[in-house]
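Working notes for the structure below.
The values are calculated or read from the model by the stated rules, or taken from the named source; none is laboratory data. Only a predicted model underlies this, so the values are computations on that prediction, with no experimental measurement involved. Positions of Cβ are generated from backbone atoms using ideal geometry, with glycine treated the same way; all protein chains shown enter the neighbour counts. Just the protein is used for accessible areas: all its heavy atoms, side chains included, with ligands, DNA and RNA removed. Shrake-Rupley method; radii C 1.70, N 1.55, O 1.52, S 1.80 Å.
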Amino acid sequence: MTDPEAPPAATRRMNEPAPAGHPYAEDIEAERAAWYELLSLVRSLTPEEALEPGYYRDPDWTVRDVVAHLGTWLAEAQVQFERISAGTYEGHDVDIDGLNAAFLEAMDGQPWEVAWVLANAGRTRMVDEWFALREPTDEAAWWIRKSGPDHFAEHLGRLREWVEELVGRRPA
């Protein structure tokens, strides 16, 4: 019998290490560490600071924008992992710049709360599908690199700098 007070399986997976022998255990742990660093950085900001342009310039990005960017890629990886598991995956012939532009346009002007919920939901579902992968494949590895720890690494350095700058602007 299922305990009605127990958290859902996806929540348990996000808080537990990958099962022994999982083909992507190291990547799962690296993604988890990067995600928790992102959370720590974002939580150190005020709501106004999360909407301050300057994370990137031309086009201007805010912390909301980078969170939305990461969240949309996590959501896309979940879809692709699900297809890999179901045997319906068609390959990753992906226009990364085109998807980045489409994702940015789709999230343009969305409130912080929408970007935050998207990122959390995308990650929850992605981790759930990632845990379901039982055989390593080149295609899954590509999506892990594109949406997981390697993708976080592309953004965390600048996010650390930007958060430090924003926090440093606060009145003493």
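Output the direction-averaged projected area (hull surface divided by four) of the convex hull of the alpha-carbon atoms of the chain, in nm².
Values: hull surface 48.2 nm².
Averaged projected area of the chain's Cα convex hull equals 12.0 nm².
Quickly estimate the mean residue ellipticity at 222 nm for the chain, helices only: each DSSP H run with n ≥ 4 gives -39500 (n - 2.57), and the total goes over all residues, rounded to 500.
Helices in the chain give a 222 nm mean residue ellipticity of -22000 deg cm²/dmol.
Please check the chain for the longest run free of GluC sites (Glu not before Pro) that are loop-located per DSSP (anything but H, G, I, E, B) and have at most 14 other Cβ atoms within 10 Å.
The segment 91-172 is the longest one with no such site.
What does the net charge come to around residue 142 if you take all other residues with beta carbon closer than 11 Å to its beta carbon, with K and R at +1 and D and E at -1?
-2
In the chain, once you exclude exposed trypsin sites (Lys or Arg not before Pro) (DSSP loop, at most 14 other Cβ within 10 angstrom), what's the longest stretch remaining?
58-133
For the chain, which whole percent of the accessible surface, found with a 1.4 angstrom probe, sits on carbon and sulfur atoms? Each step should come with its number before you reach the end.
Numbers: 4900 of 9410 Å².
Reported share for carbon and sulfur atoms: 52 percent.
Order the following by accessible area, largest value first: 28, 84. Probe radius 1.4 Å; ligands, DNA and RNA are ignored.
Ranked from most to least accessible, the order is 84, 28.
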